[in-house]
Amino acid sequence: MKVFTIGYGSRTPADLIQRLTSLGVRTDADVRLRPDRASMRVNGKAKTPDKGSECCFASAGIGYRSMPKLGNVLLKHEDWPECYAAIIQCAGHLLVVRLERLETPVCLRCAECRVADSHRLQFAEFFASQGTEVLHLEGV
């Protein structure tokens, strides 16, 4: 399995879609705790699939899956990276099973531009320890 990670914070919707389609991404896994909130309207999970993220990705042939249970519930704590890594170490195998059910390659997406500032890093480290190829899509 190959997994990409990306933050949409500084990207336009067109740039985001172009980047994912150029790499053959088949499913966008939205790993935000609150997918209904977004700084760019298109990155919000809408009430119906004909709007928001789901519509945007579908128009490019990319599946969309909102996975709020994979969101960072610890973000307000100073030591969240260590705590979130501990959670992933304990329950990572349960999370991987959910992602393996998605059409691959999968891209884990949240708002943080830099993977170093995001819980995507803890997922990536877990996946890599399990032999999964992980590529972080940073920059433009």
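Since every read-out is calculated from the coordinates, none of them should be taken as a lab result. All values reported here derive from a predicted model rather than from experimental measurement.
Once you divide the Cα radius of gyration of the chain by 2.2 N^0.38 Å, the number left is 0.97. Here the gap between GLU133 and VAL73, fully extended at 0.36 nm per residue and compared with their Cα-Cα distance, gives a gain of 19.0 nm. Across the chain, the relative contact order, built from alpha-carbon pairs under 8 Å that are at least six residues apart, equals 43 percent.
Karplus-based coupling profile of the range 14-25, in residue order and whole Hz: 5, 5, 4, 4, 4, 5, 6, 5, 5, 9, x, 4, with θ = phi - 60° in 6.51 cos²θ - 1.76 cosθ + 1.60 and x standing for Gly or Pro.
Taking amide H as placed 1.01 Å from N in the peptide plane, the amide H of THR5 sits under 5 Å from that of LEU108, LEU135, HIS136, LEU137, each at least 5 places away or on another chain. The string of couplings for the range 98-103 from the Karplus curve (6.51, -1.76, 1.60, θ = phi - 60°) is 5, 6, 5, 7, 8, 5 Hz, one whole number per residue in order, with x for Gly and Pro.
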